[in-house]
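Throughout, read-outs are computed from the coordinates displayed, never taken from laboratory work. Keep in mind the model is a prediction, meaning the values are calculated, not measured. Glycine also receives a Cβ, built like all others from the backbone with ideal geometry; neighbour counts cover every protein chain displayed.
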There are 10 protein chains.
Amino acid sequence: MISSRDEVTRMIVSAKVARGLKWSDVAERIGQSKEWTTAACLGQMTFTRSQAETAGDIFGLSDEAVAWLQIVPYKGSLREAVPTDPLIYRWYEIVNVYGTTIKELIHEEFGDGIMSAIDFSMDIQREADPKGDRVKVVLSGKFLPYKTY
Amino acid sequence: MISSRDEVTRMIVSAKVARGLKWSDVAERIGQSKEWTTAACLGQMTFTRSQAETAGDIFGLSDEAVAWLQIVPYKGSLREAVPTDPLIYRWYEIVNVYGTTIKELIHEEFGDGIMSAIDFSMDIQREADPKGDRVKVVLSGKFLPYKTY
Amino acid sequence: MISSRDEVTRMIVSAKVARGLKWSDVAERIGQSKEWTTAACLGQMTFTRSQAETAGDIFGLSDEAVAWLQIVPYKGSLREAVPTDPLIYRWYEIVNVYGTTIKELIHEEFGDGIMSAIDFSMDIQREADPKGDRVKVVLSGKFLPYKTY
Amino acid sequence: MISSRDEVTRMIVSAKVARGLKWSDVAERIGQSKEWTTAACLGQMTFTRSQAETAGDIFGLSDEAVAWLQIVPYKGSLREAVPTDPLIYRWYEIVNVYGTTIKELIHEEFGDGIMSAIDFSMDIQREADPKGDRVKVVLSGKFLPYKTY
Amino acid sequence: MISSRDEVTRMIVSAKVARGLKWSDVAERIGQSKEWTTAACLGQMTFTRSQAETAGDIFGLSDEAVAWLQIVPYKGSLREAVPTDPLIYRWYEIVNVYGTTIKELIHEEFGDGIMSAIDFSMDIQREADPKGDRVKVVLSGKFLPYKTY
Amino acid sequence: MISSRDEVTRMIVSAKVARGLKWSDVAERIGQSKEWTTAACLGQMTFTRSQAETAGDIFGLSDEAVAWLQIVPYKGSLREAVPTDPLIYRWYEIVNVYGTTIKELIHEEFGDGIMSAIDFSMDIQREADPKGDRVKVVLSGKFLPYKTY
Amino acid sequence: MISSRDEVTRMIVSAKVARGLKWSDVAERIGQSKEWTTAACLGQMTFTRSQAETAGDIFGLSDEAVAWLQIVPYKGSLREAVPTDPLIYRWYEIVNVYGTTIKELIHEEFGDGIMSAIDFSMDIQREADPKGDRVKVVLSGKFLPYKTY
Amino acid sequence: MISSRDEVTRMIVSAKVARGLKWSDVAERIGQSKEWTTAACLGQMTFTRSQAETAGDIFGLSDEAVAWLQIVPYKGSLREAVPTDPLIYRWYEIVNVYGTTIKELIHEEFGDGIMSAIDFSMDIQREADPKGDRVKVVLSGKFLPYKTY
Amino acid sequence: MISSRDEVTRMIVSAKVARGLKWSDVAERIGQSKEWTTAACLGQMTFTRSQAETAGDIFGLSDEAVAWLQIVPYKGSLREAVPTDPLIYRWYEIVNVYGTTIKELIHEEFGDGIMSAIDFSMDIQREADPKGDRVKVVLSGKFLPYKTY
Amino acid sequence: MISSRDEVTRMIVSAKVARGLKWSDVAERIGQSKEWTTAACLGQMTFTRSQAETAGDIFGLSDEAVAWLQIVPYKGSLREAVPTDPLIYRWYEIVNVYGTTIKELIHEEFGDGIMSAIDFSMDIQREADPKGDRVKVVLSGKFLPYKTY
């Protein structure tokens, strides 16, 4: 009896390590970007039936687990409000240090509203650099203006 | 008597509204990107003497305030651990929903380490789109591998 | 020297009590709904120049305060993560008790995504009822589907 | 041995996914609105004996579980004071951004008191819209005036 | 310029000490119970015009302060979620130790619902006792049943 | 192996639902008030040997569980500092809204000290009322004056 | 206008440093132990009229401040739930490390109940020791048994 | 497989209740004070091999559990930063109300430094008193002066 | 099925106690410093395949556990934001008391930037001292200057 | 009227920027290490009379401020439990990631006890390195063994 998506996420994570899989290979088989696919496998996105069945094959999941992959999950992947993991913390720090800057510049360009985190995509790539390679991340979110009524 | 950078930030913010300035114009006069300049004006970065003097002219600051701009500030621009402002919250949400995804993919590509938030730059731009313009943000941070010893 | 929208909100709240104004009358003069207008006066929305000037007349604000009304504010009107005021707490309680219900039913009808809090409107009305009048609130938010990529 | 309603909720949630049920169908068989029924199934409301027996049939529950459905539960469906799930967070954000507005307007219309979260109903519907369908939610709560004594 | 009820509460508290007043005398002049009157003076209840004017006379308040007494306040009288003051903490402890007991017994007698904190009164009295006098508090709140719909 | 009173509480709660018992009947058999008995069964009070044995009969507990009922428990029955359950929250709200009032009036009558939560009793009753029955709660706690030394 | 005991505490603390006073001398003039006197001066205890007048002389306080010393204060002397000051933290640590030990041993000796923090005294002394002097603290609190009813 | 001291603490607590042991008897057999012994059994102190073996006999522990008793534990015996149990809370309250007093008086006598919580002992005793017996606790901690360098 | 590094850490910790191993011996066999090795065994660092296999031998781990040692872990070894264990707390206290000092002196020497916690090493040693041996810790982190752009 | 050491710290910080002073120069004039001196100037340590007078000269302080420098301060230099400033956060991260490692290794070498944060010194230096200079920090704290009694 599976009673939450978290249990399926643990099955996937466990199978990934045991089978020595890579997220980019999983993504290729699922047919989506590595960013969306990883988020989905980690319990943040909803699979279509066919994507779920493919994931079921890749990770050796039961039918019940495959059914759970098609249910919209309760999202949120971090254990604490302020993450302790150094890699994830650096992102929290960027939001903390640059938060008001991001707010000012988006409002200066677009007016009042937000950058959507739903109609949103992310692309993470290696940027070769002689002084040490860099992580380059491109975020793209639709601007949604506040409505007046 | 000024006893913290926050007081200078408040002077700058106040002068910006009163004088109707734009961050992109301020950046041009300071000679840095609009992202760095805004963060610096909002109390997150350290000005050189010449940058501080230019800022002093732009915002009409006292000599004491100009001296404070050259002092490394206590960083952190948000009022709460979880920001209430919807625009900034969306960024926190991205870190929350995609945090483990970002971690997995950077580690898959680079191994153990972090994406620096110090040797880091950000570029925010409008991306025209017939279905509604998008906010495009490019983040670039040096990858720093964990050291074994 | 005004350095935050909060100061302007305090001026407005103070003038409203001193002058004995009603939000519905303010809204009529501003030309928007009473819900949007009240939120705007309480520091959560951005005024156009003409709306700001009207508000300046109504509340007797300085030019600097009127300028601040046109700046996108840092939003969030509550003092604590869990509000102590009984009226506002009941709303928090509704989110707490019905949160997973709302999530299930919107997903059942629309699939994965959210109800926007930006492309959003609210209408608060008295509903006459012989057993005691009721507060009727209609919320309308655009459904935004999660994007696959 | 079942020692909390949470265990029954997990059984129901698990059976719902395994059997591919919809909340609206469950509601029809229970004979209540989909909003009340979903909240009840998710552990927030108390079933009558006959409702509980129907739910027992639908989800294949033991007699002990059916008995638990008739016990008033410890309410509260969220994991954290500030929810991380984006759909539920938007509701928290509405309370945060509009909280003081809601307070002002209800008091302006009704005087001091609250909108009941107990003598309360909710109706969630799809609102067709050429610019993208909307989620329309109608909340109705009895106004309860503060008593003077 | 007064911009919150808290400022008026501070004026009242200050005047009460300076003038050596007692709450029970204030209540008699206001014409309400000492419990309601004290809560109102401490910023938790809303005065009628005539009550506010009497309070203005008692405490020597300005017209603006008297106007604020007639505005519904943002309620909540404690500085922290868990009070540090020993007398108030004992009440918090009673809720903590007896909370589930109170819940069980009210539900056993009345079914699902709550004891209202709005249609509510409180009476605090000295109970003479040879082993040491006791504080006797009678709370009376209307039972509000959860509505099914 | 039982290693905490919580486990015994769960056994009692589970047996109560499975056997369809009422707290008032349990109290009668134990020979104490329904308030003390319920608190004791929910893990907040210490049973005498004979009370524990009676409880063991009523709920079908093992000898080890009966031994645990005679051990002074770690008290505190709520899951969070601020309770989410609406019935219990109303009590927290009463402490929050009336906390300073209670403090003022007890001090006005008794001087500095507290109302004991240890030498304390509670009585919960139905109060018939044509406008809707009320929950009447009488709290009685010994006044303990602060000692000077 | 003084509106809280905290303001009087700040006056006392300020005068103590400016006048170079010692708490033990203050206590001698007030005629109470140095522990009670210091707690009282730091805003935790209530002065009698004559003690307050003596304190007024010692610290040069206004009549209004002297009146405030006779009002029961809102108690709690720390800035945070977990104190940051190393000396005070050590006490918090003792409660944290030895908390369950203290609970077990008092219950083993006295049964269920508490050690009063109201009918309580404290004595802090230097204990000469060749390996380094020690701080010896004697706490004495009345045992209050839990009442059965 | 035992992976934390907490598991051994639970075994000890469970055996103590099942076997009807008293801490003072355990202490006598271990050959240390009842305060140190109880703290050690509750997972806060480190046993020597011989003490651990004695404890193993008393509580019927496995060799692996006896090995764990000799490992320095992660200390801290409370479930929350602010304890909910009334007996332990009173100690927290003493630290909260008297914290600054303790700080002032130790500094007045000894200068800057702390009272050690490591080179520390505690003695808990019954103090007979015709008005009700008292709990007398003697704390003794070495004074450690802050070092200048 | 292993679904997190924490499970492997618990296996290692359990085996270490059961087998009576020392970290310094483990480090010698792994071929790294005792500091890095202990951190890695406690779930904070990533092993190479050969290091993981050696660790597998030392602690008797399964192949699946050995595979997990080579996965970058979610870092953070403490249970709470403010650690309760006295030894670890002292380090938190050092950061709290000396935090701004460290910040000032590093900035005075190096300008704006940070001391890396990634390109970082630590060396813990006994420093013999006639007045009592000391713990000497040498921390070395690369200085990373903030980038201007 | 100065009522807390924080006010003096603000005066010092303000004067330091206005006069363009360096901590190392201040330390030389005070005659202590730059680490102790900076901590003392930032309100964490207690000055002797002669050190305070020198500091008074350096920063242009009043006699009252100089008196405050000789009073033991309430220590703790950070604004939040988890610091937001990136430089200080890295130290918090070191404690978080390496906390259990530090604990294990000190206990392995010394047994149960702590590294003192009171009998403690710190030395911060630049370590030249061709791959980028490093910050080298040497911490030295007396080992204090837990006492058995």
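Summary table below
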| quantity | calculated |
| --- | --- |
| Overall Cα dimensions of chain F - principal axes, largest extent first, Å | 52, 51, 30 |
| The stretch B:5-69 - Rg over Rh from alpha carbon coordinates, Kirkwood radius | 0.90 |
| Within chain B, helix-based [θ] at 222 nm, where runs of 4 or more DSSP H residues each add -39,500 (n - 2.57), nearest 500 | -15500 deg cm²/dmol |
| Rough spin-label spacing in nm, given labels placed 7 Å along Cα→Cβ, for B:E108 and B:D6 | 4.3 |
| Packing-based order for D:61-67, I:110-116, B:95-101, using average beta carbon neighbours within 10 Å, highest first | B:95-101, I:110-116, D:61-67 |
| Amide hydrogen neighbours beyond the local backbone of D:I118, cut-off 5 Å, H modeled | none |
| For residues of D:29-41, the mean tally of beta carbons on other chains within 10 Å | 4 |
| Shielding of C:12-25 by partner chains, average beta-carbon count, 10 Å | 4 |
| In the stretch J:68-149, trypsin sites (Lys or Arg not before Pro) in a DSSP loop with at most 10 other beta-carbon atoms within 10 Å | J:K131 |
| Two-site FRET efficiency, A:T48 against A:R79, from Cβ-Cβ distance with R₀ of 35 Å, rounded to 0.05 | 0.75 |
| Distance from the stretch J:3-35 to the stretch A:1-70 (C-alpha centre basis), Å | 58 |
| Hull volume in cubic angstrom per residue (convex hull over the Cα atoms of the stretch E:72-143) | 150 |
| Peptide-level mean, for D:63-76, of C-beta atoms on other protein chains within 10 Å | 5 |
| Descending Cα extents along the principal axes, the protein assembly as shown, whole Å | 88, 84, 67 |
| Distance between modelled label sites at B:K131 and G:Q70, nm, 7 Å Cα→Cβ extension | 7.5 |
